[in-house]
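Scroll down for the structure; my scribbles are underneath it.
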Amino acid sequence: MGTLISSEDRIFIAGHRGMAGGAISRALQRAGYSKQLLFDRAALDLEDSSSVNAFFQAERPDVVVLAAAKVGGILANSTYPADFLLANLVIQTNVIRAAYECGARRLLFLGSSCIYPKLAEQPIREESLLTGSLEPTNEWYAVAKIAGLKLCHALRVQHGFDAISLMPTNLYGPGDNYHATDSHVVAALIRRFDEAVTAGSKSVRCWGSGAPLREFLHADDLGEASVFALENWFPVEGDPQFLNVGTGTDISIKELAEAVARATGFSGEIIWDASKPDGTPKKQLDVSRLASLGWTARIPLEEGLVSTVALFREQLKQQLVRL
């Protein structure tokens, strides 16, 4: 079988201004896929089914990448459960259904590793889905993502619609959100340690015990994995209809904080606030299926953190970072 997408394809990237969608757009551009349909929320509200249907009827994209989502960290997920569940269910349903009904040839849906049970056997294989209870601090987002990948699978089974899904681990890198209350862990740590360096602080306080183990993938690696999957992966019946994407290795949050401290130049004390929630104790993906197809991550964490801190500081100077 030749490549499953073509440089002549018109590719709609939903969520191209986000970290994941932006990385996929850049990777597609590097690979020669220049016919991209990029619309921001002002031009196309993905929560408005009438607007989504009108867009698909008018543009008829050949390939669709669904990277748009309402995302946030532990605090945001815990504080706004209905918002996370409703917004993501609506966005996914609108885009996936319209892509199918308007004849898109391929669709790539981006899920999240939070779909897996809190106490899944490590490293987590694709077969672990729906084998146990979810982590309560992000279950609303996880339920929406599970619904999205199951919708893709259902359309493949019932109608032969070529919809595939990738489950990336925790992302960081260009396009991350550094907001004080709804950022993910790497962005939150970069902001906190950079502010400490600027202020000359002698200590930085971090949430939790620092003991949980997490895996971190640079956004540009996800971009490359997405292009690889679009070009090469066609799941067959009986196989998982989604693939894990990650590095296959994890580190403790304590080690991550120390790495961010080095990347920012902070040399003071790190204080851990154990009264704050830790979340899932360990979350490491089994990435052997994607590796067996020929793709592995290439950006080491330390290297990725240094470049991300440099980009954050440059964008901070230009007032391009949402704080």
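Being among the hydrophobic types (A, V, I, L, M, F, W, C), out of contact with any Ser or Thr (no Cβ under 6 Å at 6 or more places or on another chain), over 19 Å from LEU149 (Cβ atoms) and free of Cβ contacts under 8 Å to residues at least 40 places away in the same chain is a property that holds for ALA199.
Looking only at the stretch 32-63, residues that are charged (D, E, K, R), in a loop (DSSP other than H, G, I, E, B) and closer than 18 Å to ARG105 by Cβ come to 3 in all. Just the residues that are at pLDDT 95 or above, out of contact with any helix residue (DSSP H, G or I) (no Cβ under 6 Å at 6 or more places or on another chain) and of a type outside the set (Lys, Arg), please, taken from the stretch 3-19. Those that are at pLDDT 95 or above, out of contact with any helix residue (DSSP H, G or I) (no Cβ under 6 Å at 6 or more places or on another chain) and of a type outside the set (Lys, Arg): SER6, SER7, GLU8, ASP9, ILE11, PHE12.
Only one entry of ALA263, ALA257 meets the criterion of being in contact with a Cys (Cβ under 6 Å, 6 or more places away or on another chain), over 30 Å from THR3 (Cβ atoms) and touching a residue at least 12 places away in the same chain (Cβ under 8 Å), and that entry is ALA257. Consider the stretch 182-223 and keep the residues that are out of contact with any Gly (no Cβ under 8 Å at 6 or more places or on another chain) and assigned to a loop (DSSP other than H, G, I, E, B). The one that is surrounded by the most Cβ atoms within 10 Å (Cβ to Cβ) is GLY210.
The condition (being buried (at least 16 other Cβ atoms within 10 Å of the Cβ), touching a helix residue (DSSP H, G or I) at 6+ places or on another chain (Cβ under 8 Å) and on the phi > 0 side of the Ramachandran plot) is satisfied by just one residue among GLY279, GLY294, GLY265: GLY279.
Scanning the stretch 141-174 for residues that are part of a helix (DSSP H, G or I) and either hydrophobic (A, V, I, L, M, F, W, C) or within 25 Å of VAL236 (Cβ to Cβ) (or both) yields a count of 18.
Looking at GLU126, GLU121, can you tell me which residue is within 21 Å of ILE251 (Cβ to Cβ), surrounded by fewer than 24 Cβ atoms within 10 Å (Cβ to Cβ), touching a helix residue (DSSP H, G or I) at 6+ places or on another chain (Cβ under 8 Å) and among the charged types (D, E, K, R)?
GLU121
Would you confirm whether any residue within the stretch 19-27 is assigned to a loop (DSSP other than H, G, I, E, B) and surrounded by fewer than 23 Cβ atoms within 10 Å (Cβ to Cβ)? No; the residues of the stretch 19-27 include none that is assigned to a loop (DSSP other than H, G, I, E, B) and surrounded by fewer than 23 Cβ atoms within 10 Å (Cβ to Cβ). Looking across LEU316, LEU323, one residue alone is over 19 Å from the mean Cα position of the chain (by Cα) and under 27 Å from LEU110 (Cα atoms). It is LEU323.
Residues in the stretch 232-240 include at least one that is loosely packed, with under 15 Cβ neighbours inside 10 Å and on the phi > 0 side of the Ramachandran plot.
The values are calculated or read from the model by the stated rules, or taken from the named source; none is laboratory data. Note that the structure is predicted; figures quoted are calculated from it, not measured. Quick reminder, even Gly has a Cβ in these numbers, built from the backbone with ideal geometry, and neighbours come from all protein chains shown.
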